[in-house]
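Have a look at the structure below, then the notes.
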Protein chains: 2
Amino acid sequence: MEVDEQESLGSVPVALSPLERFEEYLQSRGQRNTEQRRYLVERVFSHHEHFDADQLMEQLPRKGHPNYVSRPTVYRTLKEFVDAGLLRSFELNGRAVYEHDYGYPQHDHLYCEKCHKLIEFRTEALTEIIASIAQLHKFRIRGHRLTVDGVCDACSKQRSRERRRQDRV
Amino acid sequence: MEVDEQESLGSVPVALSPLERFEEYLQSRGQRNTEQRRYLVERVFSHHEHFDADQLMEQLPRKGHPNYVSRPTVYRTLKEFVDAGLLRSFELNGRAVYEHDYGYPQHDHLYCEKCHKLIEFRTEALTEIIASIAQLHKFRIRGHRLTVDGVCDACSKQRSRERRRQDRV
DNA sequence: ATCGTTGCAAACGTTTTGCATAAGG
DNA sequence: CCTTATGCAAAACGTTTGCAACGAT
């Protein structure tokens, strides 16, 4: 579930930091700027990675330590981040996976069934196809999720190496 | 989760019926041709619809009645149908959704967030884009899932009608 | 007779809830 | 002070499992 560094799509310049944007969102809805929320924005945006609620929890301080955030609050806050446009979420193997949305370009994923890595890609052609399909069906688009399942280059090479090794035995 | 009849993509002629194909699959793997499996093939292929395990269970005979199939068996059998190539499955709102695969052309979906209807569409252009992306990344494709989220024509019309009604008050 | 399959009950992993307490505005 | 947010415990959700009884080959 890590991002392949070589596949990074760069970032889009934005006016406000994720924290500023979130604070603005909270204010506009009369919600509160709590320590937990501020801390989670900081942690979630400190590195660009795909993650699920559990992986995030593992990286956070344990119960009893400073900045501890309970599991329900993590779930509630991730949902708020999605509403606020900071994160995008999609489902993979029955769990919700999150990734940066704010300040990050729209993209889709290749999902390797062997190493479970998500490789990001971006293509204008896809956007155009979707737009024309939607027009045909008079469908108002809000977003899309495309996942291509298969086996990545590294895992294909690994498997053929293993097959060769087996042949020698 | 119903199929829009008007959006039906037709079917592809196949040599064997779903039941025959499944029986062949079972035989090839030394698995058994049980009454429950035969009954479920019949029910699942009696109409072309998207469905989840719960929706299927609701349509099946209740405990104590003839042809009753338990929940675990329904789950196990749906998984076998996917392995056998009879059904395709994808995740929607945290549940596994199934649709016919055998004898039905590859397609993708528009998902209406208002009425939760899945509209099927098919485009050759998408297949080509995915192939070229995969080639670029030396990625071996096994399949893909594209879902376009938004609001369908019917729901858009409904909402504007309601807005107009409100304006008159 | 063998061994895969079923139904039951109980577990599972993820996410959500009700509620009392804490803390932001 | 008035709410909203939090942490806790427990529930809810869809799905899977262990196991004894059953049934197909």
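Since every read-out is calculated from the coordinates, none of them should be taken as a lab result. From a predicted model like this one, the values you see are computed outputs, not experimental measurements. Neighbour counts are summed over all protein chains in view; Cβ atoms, including those assigned to glycine, are modelled from backbone coordinates with ideal geometry.
Take chain A, connect every pair of alpha-carbon atoms lying under 10 Å apart with a spring to form a Gaussian network, then pick out the residue of A:36, A:55, A:135 with the largest mean-square fluctuation.
Sorting by GNM fluctuation, first place goes to A:135.
What average number of partner chain Cβ atoms lie no more than 10 Å from the Cβ of the residues making up B:125-138?
What the average comes to for B:125-138 is 5.
Longer than 30 Å from Cα to Cα, which of A:114/B:79; A:79/A:157; A:79/B:114 are they? Say none if no pair is.
A:79/A:157
Can you give the log10 of the normalised intensity I(q)/I(0) at q = 0.12, 0.15 Å⁻¹, computed with Debye over equal Cα scatterers of the protein assembly as shown?
So the normalised log intensities are -1.09, -1.40.
Considering the convex hull of the alpha carbon atoms of region B:50-133, report its projected area averaged over all viewing directions, in nm², one decimal.
Computed as one quarter of the Cα hull surface, the answer is 7.4 nm².
Treat each spin label as a single point 7 Å out from the Cα along the C-beta direction, and report the residue A:24 to residue A:107 distance in nm.
In this crude label model, residue A:24 to residue A:107 measures out at 2.4 nm.
What are the distances, in nm and sorted shortest first, from the label point of residue A:83 to the label points of the same position in each other copy, with each label point placed 7 Å from Cα along the Cα-to-Cβ direction?
Here residue A:83 shows inter-copy label distances of 4.3 nm.
For residue A:115, place a label point 7 Å from Cα along the Cα-to-Cβ direction in every copy; what are the distances to the other copies, in nm, shortest first?
4.5
Over all directions, how big on average is the projection of the convex hull of the alpha-carbon atoms in region B:37-81, in square nanometres?
3.0
I'd like the trypsin sites (Lys or Arg not before Pro) in region B:57-156 restricted to DSSP loop residues with at most 15 other Cβ atoms within 10 Å, sorted by number.
Answer in residue order: B:62, B:63, B:114, B:122, B:138.
Have a look at B:48, B:65, B:144 and tell me which one the Gaussian network model of chain B (Cα, springs below 10 Å) gives the largest fluctuation.
Judging by the Gaussian network model, the answer is B:65.
Most mobile of A:51, A:139, A:81 per a Gaussian network model of chain A (Cα springs, under 10 Å)?
In the Gaussian network model the winner is A:139.
Explain nothing, just the number: dipole magnitude of chain A about its Cα centre with +1 on each Lys and Arg Cβ and -1 on each Asp and Glu Cβ, in debye rounded to the nearest 20.
Computed charge dipole of chain A: roughly 520 debye.
Helix-derived [θ] at 222 nm for chain B: sum -39500 (n - 2.57) over DSSP H runs of at least 4, divide by residue count, nearest 500?
-13000 deg cm²/dmol
For chain A, state the average projected area of the convex hull of the C-alpha atoms over all orientations, rounded to one decimal in nm².
Averaged projected hull area, Cα only: 14.3 nm².
Please compute, for peptide B:146-157, the average count of beta-carbon atoms on other protein chains lying within 10 Å of each residue's beta-carbon.
5
Find every distance from the label point of residue A:143 to the corresponding label point in the other copies (7 Å from Cα along Cα→Cβ) and write them in nm, one decimal, shortest first.
Reported distances to equivalent positions: 2.4 nm.
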